[in-house]
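A short worksheet on the structure shown next.
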There are 2 protein chains.
Amino acid sequence: MFLVEGNKTIKEIPTSDYRINEVFSVNPADSSLGNLTATEITPNDLKKISFLQHPKDSVAVCELKEELLLEESGVQLILDGIQDPGNLGTIIRLADWFGISQIICSEDTADFYNPKVIQASMGSFLRVNIVYQNLENYLTKNTQPIIGTDMNGSSFYDYKFPEKFNLVLGNEGNGIRPEIEKLLTDKVTIPRFGKSQTTESLNVAMSAGIILGQIFGRK
Amino acid sequence: MFLVEGNKTIKEIPTSDYRINEVFSVNPADSSLGNLTATEITPNDLKKISFLQHPKDSVAVCELKEELLLEESGVQLILDGIQDPGNLGTIIRLADWFGISQIICSEDTADFYNPKVIQASMGSFLRVNIVYQNLENYLTKNTQPIIGTDMNGSSFYDYKFPEKFNLVLGNEGNGIRPEIEKLLTDKVTIPRFGKSQTTESLNVAMSAGIILGQIFGRK
């Protein structure tokens, strides 16, 4: 089981593959819950159940879904050891925005059922298929180009992205691990326009957004 | 006075316009502090001074800088009521990455000296000039195009951005306020490629990154 918080996202669950086990709400009659039936609880109880600092209106206890690997179609994201739940949630939200249907995560990537990830994804986890795989095995068998983001890659502005490919995003501190790096078809990077050499490289979720923005704009 | 945390950023302060008043460190001899002289404190004292959950090695007490409005050059960011310190810090970091030299903030935008903003900017606040202004007055006098990001704008993929302009980013919940909206030359938006109508719009910092990525790629 996992927890989804807030009427706005809870209301959308029935339109997805996820099943709700039970909803608890401080106001079960609230129309923003749609047709869902909820058990009334006190704000104090909600506070005890919630993982948020400022709990919302309701929480839904949902059933974990069986993982199902889809045939790759178009652009697919590959996450190699993303650790930060906020980054994972943001990347799921980006995938949903750009209509990417599947994200393949390495087994050590943060758990997307983590309440912080669910929260940061703003309901987008309902619309993007997320699967955990042994990346080395998965990518070895994959027939599409495998493009990694890497400080030493060529500028993504000059790179001709194919129609279908896997975009690999690496760990926040260490990037893509060597075993995966050797499976890459190509490496791309976002060039820095500022003159300072000490500028920190962009956050992984931001880099993903900038690259996806460019790829989809070319279509 | 304001606080900067972590040797990595503290070491860069002398290369900027900011003045350090005093540095406190759990290890003043640490070479990552460069040539800076620090007063030794215990990890427990650091914990009391620090605003971070996991305090780093040192903190520097710095002097606030007098605000100085630069002549606009190239692309300039205008923030209309950005509230979240993390978003402001991320936007400062983006500006630094893309070599944008100035950000003009409305008077109700989050204070960039807020420790959370300084932290999220990862040292980039040292290289980007940030000024708080009455935006209506400022933009009325400004002679460059004023382009706002807005859900109802035209696709930024098809938009021909001028060489020099102001890019206006609005408040997280309410967008650009009407008084500023009426001063806009044009409105642009990032089209959604996903099919779901319920997908949340992108976070303001992410939108800024995607748009800046596209603008700078065209040059």
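Which length gain, in nm to one decimal place, applies between B:LYS116 and B:ASP45 when the Cα-Cα distance is subtracted from 0.36 nm times their residue separation? Don't skip to the answer; put the middle values down first.
On the way: separation 71, 0.36 × 71 = 25.56 nm, distance 1.96 nm.
Gain on stretching B:LYS116 to B:ASP45: 23.6 nm.
Over the whole of B:117-128, what's the average partner chain Cβ count within 10 Å per residue? Rounded to a whole number, please.
Numbers: counts 0, 0, 0, 1, 1, 6, 4, 5, 0, 3, 5, 1.
Mean partner-chain Cβ count within 10 Å for B:117-128: 2.
Looking at the stretch A:7-165, what % of its DSSP beta bridges pair antiparallel, to the nearest 5?
Numbers: 6 of 17 bridges.
Antiparallel bridges make up about 35 percent of those DSSP assigns within the stretch A:7-165.
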* **Phi-based couplings in Hz for the stretch A:116-130 (Karplus 6.51, -1.76, 1.60; Gly and Pro marked x)** => 5, 6, 4, 5, 5, 7, 6, x, 5, 4, 6, 10, 10, 7, 10
* Asked: Taking neighbour Cβ counts within 10 Å as the exposure measure, how do B:SER25, B:SER207, A:SER121 sort from fewest upward?
  -> B:SER207, B:SER25, A:SER121
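Using DSSP, restrict attention to beta bridges with both residues in the protein assembly as shown and report what percent are antiparallel, rounded to the nearest 5. Working shown, then result.
Details: 21 of 69 bridges.
Of those bridges, close to 30 percent are antiparallel.
Give, rounded to the nearest 20 debye, the magnitude of the charge dipole that chain A has about its Cα centre when Lys and Arg contribute +1 at Cβ and Asp and Glu contribute -1 at Cβ.
680 debye
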* Structure fact -> Kirkwood Rh over alpha-carbon pairs of the protein assembly as shown plugged into Stokes-Einstein at 10 °C, 1.306 mPa s gives a D in µm²/s of 68 µm²/s
* Structure fact -> Of the residues A:ILE41, B:SER154, B:SER121, the Cα lying farthest along the dipole of the protein assembly as shown towards its positive end, which is defined by charges on the beta carbon of Lys, Arg, Asp and Glu, belongs to B:SER154
* **Per-copy distances of the B:ASN152 label point, shortest first, in nm (7 angstrom along Cα→Cβ)** => 5.1
* **Most fluctuating residue given options A:ASP17, A:ASP186, A:ASP57, as computed from a GNM of chain A linking Cα atoms under 10 Å** => A:ASP17
* To do: Could you name the lysines whose alpha carbon sits less than 21 Å from that of A:LYS8, not counting residues in the same chain fewer than 8 places away?
  => A:LYS47, A:LYS48, A:LYS56, A:LYS65, A:LYS116, B:LYS195
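Over the whole of B:182-195, what's the average partner chain Cβ count within 10 Å per residue? Rounded to a whole number, please.
Shielding by partners across B:182-195 averages 3.
Where does the charge balance sit around A:GLY148 when Lys and Arg score +1, Asp and Glu -1, over other residues with C-beta under 9 Å from its C-beta? If you can, show how the numbers build up before the last one.
Numbers: positive: A:LYS187; negative: A:ASP80, A:ASP150, A:GLU181, A:ASP186.
The answer is -3.
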* What is the average number of partner chain Cβ atoms found within 10 Å of a Cβ in A:83-96? -> 2
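Where does the stretch A:2-63 land on Rg/Rh, using Cα atoms and the Kirkwood Rh? All intermediate terms of the calculation are to be shown ahead of the outcome.
Numbers: Rg = 10.5 Å, Rh = 11.4 Å.
A ratio of 0.92.
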* Asked: For the Cα atoms of chain A, what angle does the longest principal axis make with the long axis of helix A:204-218, in degrees from 0 to 90, nearest 10?
  -> 70 degrees
* Euclidean distance of C-alpha centroids, the stretch A:3-37 and the stretch A:47-82, integer Å -> 15 Å
* Structure fact -> Treating only Lys and Arg (+1) and Asp and Glu (-1) as charged, each at its beta carbon, one finds that the protein assembly as shown has a dipole about its Cα centre, in Debye to the nearest 20, of 820 debye
* **Relative contact order, percent, chain A [alpha-carbon distance under 8 Å, six or more residues apart]** => 20 percent
* **Helix-derived mean residue ellipticity, 222 nm - over chain A, DSSP H n ≥ 4, -39500 (n - 2.57), to 500** => -7000 deg cm²/dmol
* Could you please tell me the mean projected area of the C-alpha convex hull for the stretch B:8-145, averaged over all directions and given in square nanometres to one decimal? => 8.8 nm²
* To do: Provide the gained length on full extension for the span A:TYR159 to A:GLU200, in nm with one decimal, where the gain is 0.36 nm per separating residue minus the Cα-Cα distance.
  => 12.4 nm
* Helix B:85-97 axis, angle to chain B major axis (alpha carbon atoms, nearest 10°) -> 80 degrees
* Asked: Placing a label point 7 Å from Cα toward Cβ, how far apart in nm is B:THR198 from its equivalents in the other copies, listed shortest first to one decimal?
  -> 4.8
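Over the stretch B:1-78, what is the relative contact order in whole percent, taking alpha-carbon pairs under 8 Å and six or more residues apart?
Relative contact order here is 43 percent.
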* Project the alpha carbons of the stretch A:75-218 onto their principal axes and report the range along each, largest first, in whole Å. => 39, 34, 29
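Ranked by Cβ crowding within 10 angstrom, fewest neighbours first, how are A:PHE112, A:PHE2, A:PHE125 ordered?
Numbers: A:PHE112 23, A:PHE2 19, A:PHE125 27.
Fewest-to-most ranking of A:PHE112, A:PHE2, A:PHE125: A:PHE2, A:PHE112, A:PHE125.
No value in this document is a laboratory result; all are computed from the given coordinates. This structure is a prediction, so every number in the text was calculated from the model and none was measured. Note that each Cβ is placed from the backbone with ideal geometry, even for glycine, and that neighbours are counted across all protein chains shown.
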